[in-house]
Amino acid sequence: MRHLVLLAVVSLSACAGVDIDPRQCAAAHDLGYRDGIMGLVPQDPLYEPVCAQKGARLDLALYKQGWLDGHFDLENRMPHTE
C-alpha cells in the first residue's frame, strides 16, 4: 500500500509542471533559497527551460548559491540529536 501512495504522489507531481513568473527567474538567489529552505533538491533543471520560454534568464550561479544558503539555514534549524 505504501508503494502505491508513493507512486501516486510521484505521478501527480510529474504532471503538475513548473509555472514560474519571469520575475522569479530574475530573482534566482531568492528562488534557490526558497527551494533550499523547503528541503527540495535543486530545481534549476526544471526552471531553466521554463524561464527561457518566457524570455527570461535564470542565473544558475545565483540560483545555486541561494539554494546552498537555504539548505544551510534548513540544516541549522533542524534539531540535531547525538
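Listing 29, 71, 80 from fewest to most neighbouring C-beta atoms within 10 Å gives 80, 29, 71.
Assigning unit charges at the beta carbon (Lys, Arg +1; Asp, Glu -1) and nothing else, what dipole magnitude in debye, to the nearest 20, does region 18-77 show about its Cα centre? Show your work: numbers first, answer last.
Values: 6 positive and 10 negative charges, 24 e Å.
In debye, rounded to 20, region 18-77 gives about 120.
Three principal axis extents describe the C-alpha atoms of region 18-77; from largest down they are 36, 17, 15 Å.
Each residue of region 63-70 was assigned a 3J(HN,Hα) from its phi angle through the Karplus expression (A = 6.51, B = -1.76, C = 1.60, θ = phi - 60°), giving 4, 5, 5, x, 5, 4, 4, x Hz with x at Gly and Pro. 3J(HN,Hα) along region 41-55: 6, x, 9, 4, x, 7, 6, 4, x, 5, 4, 4, 5, 8, x Hz, from the Karplus curve 6.51 cos²θ - 1.76 cosθ + 1.60 with θ = phi - 60°, whole Hz, x for Gly and Pro.
A short reminder: the numbers here are calculations on the coordinates, not readings from a lab. Source: prediction; values computed, not measured. Every residue, glycine as well, gets a Cβ built from its backbone with ideal geometry; the counts of neighbours run over all protein chains shown.
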